[in-house]
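Below is one structure; the comments refer to it alone.
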Amino acid sequence: MQMKLANAAVIAAAISAALLAAQQNTNLMRGKDGGLKVAERERCYGVAKAGANDCGNGRHACAGHALADALPYEWKMVPAGTCEKIGGNLKSSDETQS
Amino acid sequence: MTEGSGRRRAWRWTGGFFEDASFGRALPERIHADIREQQFRSEIMVGIVQCAILVAFSLLYVFTPSSFTPDAPVRATPLGLSLFGILVLVRLWFAATDQLSRGILAFSVVAEMAVLMFTIWAYHLQFEAQPSLYLKSTALFYVFIIIALRSLRFDPLWVILSGLTAAVGWVALTVYALVTAPGNPITWDYVTYMASSQIHPGGEADKVLAIVMVTAILALALARGRRFLVQAVAQTQAAADLSRFFDRDVAERITGADMRAAAGHGELRNAAILFIDMRGFTKLSATLAPSDLIGVIGEYQRLLVPVVQSHGGNIDKFMGDGIMASFGAASPSDHYAADALRAVDAILAAAERWRAERAAAGKPAPGVGAAVAAGEVLFGVIGDENRLEYTVIGDAVNLAAKLEKHTKAEAVRALTTRDMLELAQRQGYAGAGAKRLLHQRDVAGVADPLDLAVLGERTVQ
């Protein structure tokens, strides 16, 4: 009986921990713009401000490393379809040169 | 060595044990229990290794720059590591509380692999890219780590289950990528495949094949390993069982020897030989039922054997109610004679207490006779190829046996030779009080008269 209670507690704790992990690491359970949006954003090159790029490229490893504004090889995620309107490019300058 | 009825009686007592021991039967329950114990430990080990891997990957994740946007819809690696960690802890709980049924283990094996497959699937969400991207994920290698971890337990079933889950999972991932891809996602051109998000069906089939092959090889290795485990457990228990028939030093000598023990292998040693005999045994055996008789012998041996061993003696053999022990034969010693005489003093004291206790309880109270002799003996292996025995051979052995019989003639409890007493005193034996010396005694079976020393007065019959 005692073991059953302990098992129930362990399983309950495991399920709570799993939900917490999902809540922390996905935007599935986050308010109005939740959901796993994939096709709704696109990589946009040439629009990131210095230090505000989203991620790495051939020249450095990660986010926040852009040295100047609007470098053609630094990118940011933007809502799909807006990149070219704001003067960005869907391809990196590193890619188009080669 | 010893002649007469004592020796023949000895064979009746000891022979039965060897003849009854059968080696060809199905594995007894205690061997299964031992294997279950091994599997239990394996399961705990799997859990600990998994925890270590989790910690390593978590540190790796924390200390390397992330390669996706901070507001990505899913952070696949921390999510996967968390879920995997939860599964490991839940399984460790069930394992540690000994509740890990096959059902729970099967669930956890499948779930672990499913978490990895889910994490790989979630990569395309994390990178906000086409699903076909995850097919090129290096996380595929973790599949092999998880399968290999299952091989820490000696059971091919779980490796196969883990491997099959991985193979099915990878096929499902490939199908999902194909179905959700826009346009024609398939290429058969290797360079295009490597440089784009196109899918090469041959490449994915290769990966599934590799998973299946690794699983099959590990399962085969485990099936063999399991057989060796069963053999090892059975033989370790057999060795433990049989080693109880040997003195500890002798058992170590047999298992630790570079060469297999063979008849004719022997070493010369200066040693002391002790014979202990229960007095009034013949009378006892006439009055007691066999089970009571063996009970008395067991009680007496449990009393005296530790005394002999605590003084550095090795039990050479039990001969019915008699015990033969050697000092300095199994391993060399420079105080063997003193050890032997101290052992005799302790034995006489212990036996006297035992006798008094039994007499007070109204039970038959046999006394003890003992004799020691020292000299050069051959310690070695005798017998034929199938039935060997480590023993001591030499004049001292014969003399000790004869002196032990002579205690009755002298009406004393314990005897040794004057030479041996002097040798023991040179080796540091002080003893309790001066020993009475008996000059030029005729001992039955010994050609020349001997000077003897009385170690314990007053025989109790």
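The values are calculated or read from the model by the stated rules, or taken from the named source; none is laboratory data. Given the structure is predicted, the values throughout are model-derived calculations rather than measurements. Reconstructed Cβ throughout: ideal geometry from the backbone, glycine too, with neighbour counts over all protein chains shown.
Overview of values
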item: Output for the stretch B:133-164, where each listed residue is within 14 Å of B:Val212 (Cβ to Cβ) and aliphatic (A, V, I, L, M); result: B:Leu140, B:Val143, B:Ile147, B:Val159, B:Ile160, B:Leu161, B:Leu164
item: Residue within the stretch B:41-64 that is modelled with pLDDT under 80, surrounded by 15 or more Cβ atoms within 10 Å (Cβ to Cβ) and of a type outside the set (Gly, Ala, Ser) present; result: no
item: Residues located in the stretch B:40-83, provided they are aliphatic (A, V, I, L, M) and at the interface with chain A (Cβ under 7 Å from one of its Cβ atoms); result: B:Val74, B:Leu79, B:Leu83
item: Residue tally, condition farther than 23 Å from B:Arg458 by Cβ and surrounded by 18 or more Cβ atoms within 10 Å (Cβ to Cβ), over the stretch B:411-426; result: 1
item: Which listed residue is closer than 22 Å to A:Ala13 by Cβ and either at the interface with chain A (Cβ under 10 Å from one of its Cβ atoms) or modelled with pLDDT of 95 or more (or both), from B:Ile160, B:Ile86; result: B:Ile86
item: The stretch A:47-98 - residue that is out of contact with any Leu (no Cβ under 9 Å at 6 or more places or on another chain), modelled with pLDDT of 80 or more and charged (D, E, K, R) and, of those, farthest from B:Ala129 (Cα to Cα); result: A:Asp69
item: Selected residue (criterion: modelled with the lowest pLDDT) from residues of the stretch B:400-426 that are in contact with a Leu (Cβ under 8 Å, 6 or more places away or on another chain) and among the charged types (D, E, K, R); result: B:Glu410
item: Number of positions in the stretch B:413-453 that are among the aliphatic types (A, V, I, L, M) and under 44 Å from the mean Cα position of the chain (by Cα); result: 8
item: Residues being out of contact with any helix residue (DSSP H, G or I) (no Cβ under 7 Å at 6 or more places or on another chain) and at pLDDT below 90 - total across the stretch B:137-154; result: 1
